[in-house]
Amino acid sequence: MIKKRLIFTLLFDSGKFVLSRNFSLQHVGDLDWLLRNYDFKNIASHIDELIILNIREKNKNFEKFCSILKKLSKEIFIPISAGGGIISEEKVNKILRSGADKIVCNSIIRKNKGMLKRISKIIGKQSIIGSLDLKLIDNNFFVFDNNSLSSEQSLDDFLKDLDTDLFGELYLNSVDRDGTGQGYMIEMVQKFKKLNNFPIIIAGGAGNWRHLLSGLKNKDINAVSTANLLNFIGDGFKQARIELTKRFDLPKW
Amino acid sequence: MKKNITIIDYGAGNLISVQNAIEFLGYKSIISNDPKIILNSEFLILPGVGSFYKSMQKLNKLKITDAIKKNISQNGGKILGICLGMQLLASLGTEDKKINGIGLIKGKVIKLEKITKKILPHIGFNLIKTDYEGGLFAGLNQNKFFYFVHSYFLKIEKKENFKFSYCNYGGNFISSFESEKVFGTQFHPEKSQKNGLQILKNFIN
């Protein structure tokens with residue numbers, strides 16, 4: 001049987017890796033900082049997949065982002081997904097040539113389906129992760145837009161014309177829990193049940209291994225992710241993996 | 001030790017990841033689509049993601065198909081096909097339209113939906129089983145988890161001199177095969193952590 005996955009998501013902005021809390025950003029460190037504080041050569045023993053997101057593409061740091069991606073992918077032999085500001089086929093190619101296996105698309109899945117279709121045709125839907133940031137307003141979920149920092153479309157409306165033939169997985173991030181370490185907003189997943197076992201990655205809110213475990217144990221979730229750069233620092237992933245493995249059947253190395 | 005390793009470039013797949021993994025193991029490799037280089041390489045790696053039909057057309061057009069066959073039959077080279085690359089080593093592909101494969105193993109490539117009701121593509125880490133030890137799996141323990149991304153599988157007509165491993169995803173399918181000179185993995189060793197690196201190491205040694 002296919003195994004559920006533990007994913008580490010790195011958020012990158014203007015040359016630095018950042019910690020995001022409810023989508024406000026704190027710069028933590030550069031690549032040297034990351035390599036010093038996380039044992040990257042061995043990190044793949046404790047996580048099953050790596051996602052790297054260039055979260056403020058408007059700062060025009062795409063080249064720098066690709067060079068970081070290239071360096072990280074040289075020594076990590078697990079699937080790597082990358083995205084942020086993917087607005088052309090050319091950028092997709094560049095990201096894939098820099099060592100990513102899959103791309104992560106956010107705004108184009110809502111705003112430019114033509115582009116998404118073209119990309120899906122070239123690289124295959126299994127290589128595309130659709131990413132959604134969800135915000136809870138008066139007990140209803142809304143899709144949060146990273147560029148305008150507003151939530152205009154309700155999740156129900158979004159789901160009405162969602163074409164799951166265009167990507168292979170969905171990455172759901174809770175804006176409300178993002179970076180808080182209070183645990184996942186598991187309720188988000190309920191709305192996606194009608195997609196019939198479509199692979200769901202949950203993100204936003206994991207602060208410790210118990211939170212990761214709560215996501216893994218949910219039958220509608222296929223992978224759990226954390227982008228918390230400080231909560232799993234040092235050998236944090238190693239320790240988390242040990243605790244998770246005692247309680248959940250993850251891939252063993 | 002110096003090895004003559006060529007990663008075959010026909011415009012499909014994650015060549016860089018494969019090259020990174022080979023380099024991590026301490027070997028140099030070249031990425032090439034030159035039939036002369038392919039003909040004379042000690043170790044060939046055929047990666048691939050994409051369509052069987054289009055990839056085969058490209059390999060034929062670049063005269064790579066003949067170079068591979070001649071190298072394996074006359075020059076003593078070994079080949080490892082990865083994912084689509086493994087499937088291309090078969091005699092027949094049925095993805096899109098029917099087309100002959102490279103034909104180093106007798107079998108055809110068919111849709112996974114014929115054997116499983118589960119969601120496709122089959123993506124993620126899955127456990128494989130072998131009924132033999134050594135070979136590609138030398139040095140591995142029972143936790144043989146590997147990373148898969150595919151919607152098709154290889155169905156073998158004759159077992160001949162090959163040994164196989166199997167994976168289950170709603171139905172059993174061949175996850176790898178090996179003979180003295182011809183090797184294939186449906187999974188991605190270059191994305192399967194230390195298990196995968198060990199497979200690549202075993203192939204080269």
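Wrap a convex hull around the Cα atoms of the protein assembly as shown, take a quarter of its surface area, and give that in square nanometres.
Numbers: hull surface 82.1 nm².
Taking the Cα atoms of the protein assembly as shown, their convex hull projects to 20.5 nm² on average.
Under the 0.36 nm per residue contour assumption, what length would be gained going from the current alpha-carbon distance of B:Asp66 and B:Lys194 to full extension? Before the final figure, lay out each step's value.
On the way: separation 128, 0.36 × 128 = 46.08 nm, distance 3.34 nm.
Length gained, B:Asp66 through B:Lys194: 42.7 nm.
With the other protein chains left in place, how much accessible area per residue, in square angstrom, belongs to region B:5-204 at a 1.4 angstrom probe? Let's see the in-between values first.
Details: 8200 Å² over 200 residues.
In whole numbers, region B:5-204 has 41 Å² accessible per residue.
Please report Rg (one decimal) and Dmax (integer) in Å for the Cα set of region A:171-253.
Computed over the Cα atoms of region A:171-253, radius of gyration and Dmax are 12.6, 39 Å.
Given a 1.4 Å probe and every protein chain left where it sits, what share in percent of the accessible area of chain A is carbon and sulfur?
Values: 4860 of 10550 Å².
That fraction is 46 percent.
Determine the shape class of region A:5-247: with a ≥ b ≥ c the square roots of the Cα gyration tensor eigenvalues, call it rounded for a/c under 1.5, and otherwise prolate if a/b is greater than b/c, oblate otherwise.
Numbers: a/c = 1.42, a/b = 1.10, b/c = 1.29.
Judged from the Cα gyration tensor, region A:5-247 comes out rounded (a/c under 1.5).
Give the long-range amide H neighbours of A:Ser131: residues separated by 5 or more places, or on another chain, with amide H under 5 Å away, using H modelled in the peptide plane at 1.01 Å from N.
It is A:Cys105, A:Asn106, A:Tyr171, by chain and number.
Need one number: convex hull volume per residue for region B:70-167, Cα atoms only, in Å³. Intermediate results must be reported in sequence, preceding the final value.
Working: hull volume 11.7 nm³, N = 98.
In region B:70-167, the Cα hull volume divided by residue count equals 120 Å³.
Determine the percent antiparallel among the DSSP beta bridges restricted to the protein assembly as shown, to the nearest 5. Intermediate results must be reported in sequence, preceding the final value.
Numbers: 40 of 90 bridges.
Taking every DSSP beta bridge within the protein assembly as shown, about 45 percent pair in antiparallel fashion.
For a Förster distance of 45 Å, can you work out the FRET efficiency between the beta-carbons of A:Thr180 and A:Ile122, rounded to the nearest 0.05?
On the way: r = 38 Å, r/R0 = 0.84.
About 0.75, to the nearest 0.05.
When DSSP beta bridges are limited to those with both residues in region A:96-159, what percentage is antiparallel, rounded to the nearest 5?
Values: 7 of 10 bridges.
The antiparallel fraction comes to roughly 70 percent.
Once the Cα gyration tensor of region B:152-197 is found, what semi-axes does its equivalent ellipsoid get, as square roots of 5 times the eigenvalues, in whole Å, sorted largest first? Intermediate results must be reported in sequence, preceding the final value.
Values: eigenvalues 70, 49, 11 Å².
Sorted largest first and rounded, they come to 19, 16, 8 Å.
I'd like the interface area for chains B and A: accessible area of each alone minus the complex, both sides summed, 1.4 Å probe, protein heavy atoms only. What is it in Å² to the nearest 100? List each step's numbers first, then the result.
On the way: alone 10010 and 11810 Å², together 19310 Å².
Result for this pair: about 2500 Å² buried.
Using a probe of 1.4 angstrom, how much of the accessible area of region B:113-205 is carbon and sulfur, in percent? Let's see the in-between values first.
Details: 1760 of 3890 Å².
Exposed carbon and sulfur together represent 45 percent of the surface.
Please calculate how many Å² of accessible area chain A carries per residue, with a 1.4 Å probe and no DNA, RNA or ligand atoms counted.
Working: 10550 Å² over 253 residues.
Normalised by residue count, the accessible surface of chain A is 42 Å².
Computed over the Cα atoms of region B:5-204, what is the ratio Rg over Rh, Rh following Kirkwood?
Working: Rg = 15.3 Å, Rh = 16.5 Å.
Taking Rh as the inverse mean 1/r over Cα pairs, Rg/Rh reads 0.93.
Output the pairs from A:Lys3/B:Lys108; B:Lys36/B:Lys97; A:Lys41/B:Lys155; A:Lys135/B:Lys117; A:Lys117/B:Lys70 with a Cα-Cα distance over 31 Å in this structure; if there are none, say none. Each step should come with its number before you reach the end.
Numbers: A:Lys3/B:Lys108 28 Å; B:Lys36/B:Lys97 29 Å; A:Lys41/B:Lys155 37 Å; A:Lys135/B:Lys117 34 Å; A:Lys117/B:Lys70 40 Å.
Where the Cα-Cα span goes over 31 Å, the pairs concerned are A:Lys41/B:Lys155; A:Lys135/B:Lys117; A:Lys117/B:Lys70.
Kindly flag which residue pairs out of B:Lys63/B:Lys194; B:Lys63/B:Lys106; A:Lys16/A:Lys191; B:Lys58/B:Lys98 have an alpha-carbon separation exceeding 23 Å in this structure. Could you put the intermediate results ahead of the total?
Values: B:Lys63/B:Lys194 34 Å; B:Lys63/B:Lys106 21 Å; A:Lys16/A:Lys191 34 Å; B:Lys58/B:Lys98 15 Å.
B:Lys63/B:Lys194; A:Lys16/A:Lys191, as the Cα separations exceed 23 Å there.
The values are calculated or read from the model by the stated rules, or taken from the named source; none is laboratory data. In this text, all values refer to a predicted model and were calculated from it rather than measured experimentally. When we count neighbours, we look across all protein chains shown, and the Cβ atoms used for this are built from the backbone with ideal geometry, even at glycine. The protein model used for the area step is the full one, side chains on, heavy atoms only, and it has no ligands, DNA or RNA in it. Shrake-Rupley method; radii C 1.70, N 1.55, O 1.52, S 1.80 Å.
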